[in-house]
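Peer 1: Have a look at this one before I ask anything.
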Amino acid sequence: MTKRSIFASMLLLSSALVAPAALAQDAGPAGSSTEATPPTADAADPAPADDDQPDVSIPGGSDQEIVVTGRYTPNVVRATPEVVSVLSSADIARTGEGDISGSLQRVTGLSVVGGGFVYVRGLGDRYSLALLNGSPLPSPEPLKRVVPLDIFPSNVIDSTLVQKSYSVNFPGEFGGGVINLTTKSTPRENFLTFSGGIGWDSETTNELGYTYYGGDADWTGFDDGTRDVPKSLAAAFARGKPIIEGADFSKDDLEAIAMDLVNAPTTLLQQNNHIPVNWSAGVTGGLTIPMADGELGIIATAGISNKWRTRDTLQQTSVEADLSGDPQTSYNRVVTDNRVVVNGLLGFGLEIGDHKLRWTNLYIRDTLKQARLALGTDQNQSGRDIMKQDTAWYERQLINTQFVGEFHFDRLKLDLRGAYANSQREAPYERSFTYVRTNLPTAQDPVGDKFVNDLGGNKGDATIAFSDLNEDLWSGGVDLSYEIAPRITGTVGYAYSDTSRTSVRRAFQYRASNLPIPVQQLRPDYLLSDASIQLYDITLLETSAQDGTAAFDAALTTHAGYAQLQAELLSGVNINAGVRYEDAKQTVSPIDLFNSGASSIVDTNLNNDYWLPAVTLTWEVAPDMQLRVSGSKTIARPQFRELVAQVYQDPESNRLFRGNPSLTDSRLTNAEARYEWYFAKDQRLTVAGFYKSIDNPIEAYTSISDSSVNTSYANAPKATLYGVEFELQKYFPLDTLSDAPFWSSRRFVLIGNYTYTQSDISVAAGDTTTINGVVQDASNFFFDGSPLTGQSDHLVNFQIGLEDQDHLSQQTLLVTYASPRVTSRGPSGQPDLREKPGISLDFVARQGINLLNKEIELKFEARNLTGRNYEEVQEFGDNRIFFNRYKIGRSFSLSASLKF
């Protein structure tokens, strides 16, 4: 299979080139009267090429007059008063990515880190803001307030705008940039499209992996009731007391609850030597209904994807400052994920004259069924062999409904928006078992070479947890623009958002005394069978509040008003300036589930207001060249989960996280200069330099406790970040190569970008940081001169290829490189943890054919052709500790869509 993969990679490299996309239409000559309005959801949605051609009508009569009507669509990148990048639907399709985060990593200065979180210019996801049609989004992630963009399938997104310079019409939480996703809207014609595809992975498909039964409907991403909390446990939760043996719960009560839990379907790990192929299916339809003075458009889409991924990982830790000697822990862990994403979108668009109304409804459900099996050593267990197995089920769900209205009255423009969004995450039946090899014979076990689990002694354990997160977000806004004079427009606006989150995690250990050796050797489902529980008095012990809080409430309410002026100061010199006032109250409070009346957890109550100015000056130095200079002040707030002293295990990294209630807001000062040369239609060269100064940046740091890796957060005193960006997009017509019809409409395309970034944390003598209410020396957590977490010195993206301008035929080669970046500060003075993303080479081919007067699109994808591996490592001289290392594997997929 390896030989076949290498052969396929070489064949593709020798026969295929890439075709990137044109980002937008040409803006026209300098000094044209086209107004460059601030970017909104519609600004990121350039019309198709056909819509740029005006309609021509010749009225009757002897003196015939030609009347030209139509819509002029400028180059969005050039015409907006800010620094932006745009991914149109054609760009997204050309990358072939299944979700929007994969497409965004092709944008200049952007990188995607673990689980679909976008980093802009090396700043972590907390410094990026994601909007859907201009409205904020809630997150289904316990660790984040920022929504992971990998949950957005590309089939529901029409375009994406990335703005890197701040303008006051956006929320103040704008560190690296804002990412505005625009969903599909009013169709231009009636259509119905069916699609489907299959894929395979060299490290997963038809290879060994692990899974567990679960429920009959697991393949759909919906639980069939197997994982519902049993009635006896739900009743125990409702009593508001810790579920432990004592006055509130007898041993018989605890045994009864343990027997009510679903056992074998959620416990028994099963080996699968032939992991299935990946597959997906979808349907999209659109309808346009003519009306008096306008039209009503309806669009709907639904899709499902079912993908498998197996990672054979090496995970280690060390307690030595120089990483010398044997690792403290070292595990070879095989992790198999079965990820199912179900999505649906229903949108209505009404256009009446110059007025537009849009109502969009989005549903996304992202489910991960995970099975893990590990074998390794732990020095706390005298170096004895240890076997760990884990089974889990994580449901993430997003429901969003929003209304947008755009009303034009001659020189006055009114924009209204309102939205409600709900996100949920449920993780029932998170099970974990630890077995220890005895290595020594006993009277009961003369062989002495067996894995045993004594349930809570010093040889193994078994745990189970139930987690539930719910977040509601209400938002609204109004923008009023007035053309004061030709080329002078003033805008005022108001925005409101209210986010509330509740998170509960109830964790338990199984406990027993003096289990016989033969029982300790039983596999997990037999060990916790009803017979074992009754015969050997196996009970449950709640551990929810032993390390942090079992539940918390969080809220963030913001009110903001802004004023902005966009004007042409001189011929070819434009300014966009404004100021935003933003008031925010952010609270995070532990919930006293057990009515204890006291808590050691510090509440968070941040009540801050800010004046945030921003100005961008654009000078058209020539008809096809312009210079931009911008400056602004923005903020970054700590995310909910970073503030909560509640333990959470990340299924991606197998790492424990715990928040810090003492975090404070970060303040940023931003500056940028950019040169743009639009030397031909759809072609450009840009060079930019940027600088950011950050007070109190929030950084992750790592500690090791009882052989477990724990990550938390702290405010560093200060940091700076600066860098340069380069982008080139160029087309080469190929009709000059030959008179053959094949070359007449084809062109060679080159698009590339490079970002160089440097950052450093400043820690001076006497600087402090606060951890859980305790003021500590900042040098205990941060090294002076260290880079910010998530920042790569070098980011490179380029695409080269062939495309047909008259018919759908594209062959695209995509290369991405990111240099090593810090993922977390090292524990106890150790070197930082660094991820090494390396080079990724992908190939995408799309071909349109017409069969029986039906449009068919065929697509072939080949990912990670270089076979790069994932590495997160600590290094001190020649000493290396691999926090996480595994083969990513090469993946291939075939898909087709049929349009009626």
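The values are calculated or read from the model by the stated rules, or taken from the named source; none is laboratory data. If you're wondering where the values come from, they're calculated on a predicted model, not measured in any experiment. With ideal geometry, Cβ positions are generated from the backbone for all residues, glycine too; neighbour counts draw on all protein chains shown. These accessible areas exclude ligands, DNA and RNA; they are computed on the full protein's heavy atoms, side chains included. Shrake-Rupley method; radii C 1.70, N 1.55, O 1.52, S 1.80 Å.
Peer 1: Beyond 20 Å between alpha-carbons counts as too far, so tell me which of 307/887; 184/899; 307/859; 184/369; 184/356; 859/887 fall in that bin. Please list the in-between numbers first.
Peer 2: On the way: 307/887 17 Å; 184/899 16 Å; 307/859 18 Å; 184/369 30 Å; 184/356 15 Å; 859/887 26 Å.
Violating the 20 Å Cα-Cα cut-off are 184/369; 859/887.
Peer 1: Related question: log₁₀ I(q)/I(0) of segment 661-719 at q = 0.29 Å⁻¹, via Debye over equal Cα point scatterers, no solvent, to two decimals?
Peer 2: Calculated log10 I(q)/I(0) at the listed q: -1.09.
Peer 1: List the equivalent ellipsoid semi-axes of segment 426-534 in whole Å, largest first, each obtained as the square root of 5λ for an eigenvalue λ of the Cα gyration tensor. Walk me through the intermediate numbers first.
Peer 2: Numbers: eigenvalues 792, 44, 15 Å².
In descending order the semi-axes read 63, 15, 9 Å.
Peer 1: In units of 2.2 N^0.38 Å, what is the alpha-carbon radius of gyration of segment 684-830?
Peer 2: 1.61
Peer 1: A further question follows. Once you compute Rg and the Kirkwood Rh from C-alpha atoms, what is the Rg to Rh ratio for segment 489-589?
Peer 2: Working: Rg = 29.8 Å, Rh = 19.8 Å.
With Rg and the Kirkwood Rh in hand, the quotient comes to 1.51.
Peer 1: Quantify how much of the Cα-Cα distance distribution of segment 761-900 extends past 22 Å, in percent. Mind dumping the intermediate values first?
Peer 2: Values: 5784 of 9730 pairs.
Taking all Cα-Cα pairs of segment 761-900, the fraction more than 22 Å apart is 59 percent.
Peer 1: Alpha carbon centre of segment 650-700 versus segment 292-329: separation in Å?
Peer 2: That distance is 21 Å.
Peer 1: Leaving ligands and nucleic acids out of the surface, order 416, 569 by accessible area at 1.4 Å, largest first. Can you show the working numbers first?
Peer 2: On the way: 416 60, 569 100 Å².
Correct descending sequence by accessible area is 569, 416.
Peer 1: Could you state the accessible area per residue of segment 515-630 in Å², with a 1.4 Å probe and every protein chain left in place? Provide the component values of the computation, followed by the final result.
Peer 2: Numbers: 5310 Å² over 116 residues.
On a per-residue basis, 46 Å².
Peer 1: List the equivalent ellipsoid semi-axes of segment 241-358 in whole Å, largest first, each obtained as the square root of 5λ for an eigenvalue λ of the Cα gyration tensor.
Peer 2: Details: eigenvalues 533, 156, 78 Å².
Semi-axes, largest first: 52, 28, 20 Å.
Peer 1: A further question follows. Ranked highest first by the average count of other Cβ atoms within 10 Å around their residues, in what order do 510-519, 549-558, 863-872 fall? Display every interim value, and only then the final one.
Peer 2: Details: 510-519: 16.5, 549-558: 20.4, 863-872: 18.5.
Output ranking for 510-519, 549-558, 863-872: 549-558, 863-872, 510-519.
Peer 1: While we're looking at this one, here's another question. If you plug each phi of segment 263-275 into the Karplus form 6.51 cos²θ - 1.76 cosθ + 1.60 with θ = phi - 60°, what whole-Hz ³J(HN,Hα) values come out, in order, with x for Gly and Pro?
Peer 2: Coupling constants for segment 263-275: 9, 4, x, 10, 10, 7, 6, 10, 7, 10, 7, 9, 4 Hz.
Peer 1: Taking Cα centroids, how far is segment 166-189 from segment 479-542 in Å?
Peer 2: 30
Peer 1: For the ranges 395-402, 232-239, what's the packing order if you count other beta-carbon atoms within 10 Å of each residue, average per peptide, and put the highest first?
Peer 2: Working: 395-402: 20.5, 232-239: 14.6.
With the highest mean Cβ count within 10 Å placed first, the list reads 395-402, 232-239.
Peer 1: Now for a separate question. Per residue Cα convex hull volume for segment 216-266, in cubic angstrom?
Peer 2: On the way: hull volume 4.3 nm³, N = 51.
In segment 216-266, the Cα convex hull volume per residue is 84 Å³.
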